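Scroll down for the structure; my scribbles are underneath it.
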Amino acid sequence: MKRTRKYVMGTALLGLALATSACGGAGSSKPQESAPSQQGEKGGSAVKLGITWAGSQVRHDATLAALDLYSQKNDKVTFEPTYMGFDTYFTKLATLSAARNLPDIMQIDTGNLMDYALRDQLADLSEGIDTSNINDKLLSAGKVNGTLYGIPLGANAITFMYNKSALDKLDIQVPEQGFSWDEWVEIARKTQPKLEKGKYFMGDLSMATGTTESDKYEIYQLAQGKGFIHTPDGKFNIDKETYVQFNQLFADLRQEGVVPPANLTAGHKQYDPQLDLFMNGSILVQREYSAAYPTFESVHAGQYAMTRVPSASQTGGFMLPSQFFTVSKNTKSAEEAKSFIEWFVNDQEAGRALMLARGVPVAQPVLEDLQSSLDETAKAQIEIIDRIAPDANPFSSRPKGFGAWTDEWTKISQAVAFDKMTPEKAYDELKKKWDEIIKL
């Protein structure tokens with residue numbers, strides 16, 4: 001069946017496309033007005049589902065292929081898709097949200113789910129979708145106050161990524177189950193003298209250089225048994241003693257030359273082959289997400305590997321969904337939307353269309369079906385998630401305003417690293433900014 005495709009570019013054009021559901025013919029870049037989506041009625045009438053998502057061209061192509069496949073199998077269901085890059089996606093989605101004009105199905109991430117749920121704009125997905133094949137720790141991230149609002153589409157995990165080639169030459173073996181923090185720091189201190197000038201064992205986890213990097217500290221607090229930096233309902237949960245201890249540890253490591261000086265870390269630019277300190281070989285170990293592994297492999301194939309983040313009294317690791325599909329509470333086609341999402345995550349043919357374009361598939365049968373067709377880079381992502389999953393800390397989505405608060409985290413962490421603020425004062429500032437920004 002024919003399905004209109006839209007890939008809108010540019011801020012003004014993007015806003016128009018989302019606000020008016022504009023579309024053009026297949027291959028057309030010129031937006032045109034279209035009639036509102038047909039809403040399905042019970043009894044088998046035709047249904048057109050509005051659906052929106054963000055991502056790369058690879059994700060767009062894979063998702064469009066899945067939509068085509070679903071329409072071929074369900075000839076009364078067509079789609080009106082809108083898709084784009086991440087740079088303006090959530091701004092435009094917020095515009096639709098304010099107008100109470102959200103599409104039937106939306107991609108939302110862990111930083112936005114709670115916000116939309118608490119504004120009563122998402123449908124309850126606790127019934128009508130088979131989630132029995134999804135890991136409970138991933139599924140729990142789609143819940144807000146006990147109600148399921150988001151269905152995970154892909155799995156991601158926080159890891160220590162390391163330069164395996166370099167560590168092998170130094171005869172340092174990384175156990176599959178990783179190290180404790182004490183063991184890791186001891187190895188770092190013993191290894192540093194063996195490195196040439198200008199090389200450092202690991203990145204400075206106490207100093208953020210971009211947004212949403214508070215999890216560099218979070219893995220340390222989790223390992224101490226103190227939980228995530230916020231509670232599942234969004235309350236501030238940084239443990240002051242642990243936070244001060246963490247910053248003192250990395251101040252010592254900076255002084256010893258085990259991690260780079262603050263001015264070098266400040267120049268780090270993720271994924272830039274010249275300025276990414278891990279990619280350019282300046283550091284051998286960094287905190288990274290499993291989904292980023294293909295990016296590094298594409299630059300230096302066969303050089304990197306992943307292990308679990310260090311533990312202490314308990315594991316410091318966690319898994320999280322790469323993104324969710326959610327359903328608008330105001331849709332007139334809730335059952336049809338749920339049926340599609342169930343197929344999208346559970347059907348093996350859908351899995352073959354999507355591969356890992358949305359992260360590691362969340363349904364085990366789908367993942368097993370793909371195993372023989374995956375390359376080594378994909379298998380490495382699956383393998384590290386399998387190692388982390390059994391004792392991963394259960395992740396909960398971030399509260400409204402979390403992204404803005406992490407901007408403050410970046411500024412404050414840099415002030416501490418440059419000795420312009422004490423960790424104690426930094427803790428007080430982080431708590432103050434949380435109370436100002438996070439609105440529950």
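The values are calculated or read from the model by the stated rules, or taken from the named source; none is laboratory data. A quick note: this is a predicted structure, and the numbers were derived from the prediction, not measured. Quick reminder, even Gly has a Cβ in these numbers, built from the backbone with ideal geometry, and neighbours come from all protein chains shown. With ligands, DNA and RNA removed, areas are computed over all heavy atoms of the protein, side chains included. Shrake-Rupley method; radii C 1.70, N 1.55, O 1.52, S 1.80 Å.
May I ask for the angle, rounded to the nearest 10°, between helix 57-73 and the longest principal axis of the chain, with both axes built from Cα atoms and the value confined to 0 to 90°?
Here the helix axis deviates by roughly 40 degrees.
Run the simple label-point estimate for GLN371 and LYS197 please: 7 Å along Cα→C-beta, distance reported in nm.
Each label point lies 7 Å from its Cα, and together they span 5.1 nm.
Before I look further, what does the chain give for accessible area per residue, probe 1.4 Å, in whole square angstrom?
Value for the chain: 43 Å² per residue.
Answer rounded, prolate or oblate for the chain, using the Cα gyration tensor with square roots of eigenvalues a ≥ b ≥ c: rounded when a/c is under 1.5, else prolate when a/b is larger than b/c, else oblate.
prolate
Tell me the angle of helix 11-20 to the major Cα principal axis of the chain, expressed in degrees between 0 and 90 and rounded to the nearest ten.
40 degrees
Just to be sure I understand the model, the point goes 7 Å from the Cα along the line to the Cβ. What's the resulting ASP120 to SER298 distance in nm?
Label-label distance for ASP120 and SER298, simple model: 4.4 nm.
Could you pull the accessible area for PHE418 with a 1.4 Å probe, rounded to 10 Å²?
My reading of the accessible area for PHE418 is about 90 Å².
Less than 14 Å Cβ to Cβ from ALA380, Lys/Arg counted +1 and Asp/Glu -1: what total charge do the surrounding residues give?
Local net charge: -3.
Could you work out how far helix 334-346 tilts from the main Cα principal axis of the chain, as a 0 to 90 degree angle to the nearest 10?
Computed tilt is about 50 degrees.
Just subtract the alpha-carbon distance of THR211 and ASN133 from 0.36 nm times their residue separation and send over the number in nm, one decimal.
So the extension gain works out to 24.8 nm.
Going by a ≥ b ≥ c, the root eigenvalues of the Cα gyration tensor, does region 299-422 fall in the rounded group (a/c under 1.5), the prolate group (a/b larger than b/c) or the oblate group?
Oblate is the answer for region 299-422, as a/c is 1.5 or above yet b/c matches or exceeds a/b.
For SER339, what accessible surface area do you get with a 1.4 Å probe? Give it in Å², rounded to 10.
Counting only protein heavy atoms, the figure is 60 Å².
Roughly how many percent of the accessible protein surface of the chain is carbon and sulfur, given a 1.4 Å probe and a whole-percent answer?
The computed percentage sits at 48.
With the cut-off at 1.5 for a/c, could you classify region 228-305 from its C-alpha gyration tensor as rounded, prolate or oblate?
oblate
Given the chain, what percent of its DSSP beta bridges are antiparallel, to the nearest 5?
60 percent
At most 12 other Cβ atoms within 10 Å and a DSSP loop assignment: could you name the GluC sites (Glu not before Pro) in region 160-220 that fit?
Passing both the DSSP loop test and the Cβ count: GLU176, GLU196.
Which of VAL299, VAL77, VAL144 moves the most in a Gaussian network model of the chain with Cα springs under 10 Å?
The residue that fluctuates most here is VAL299.
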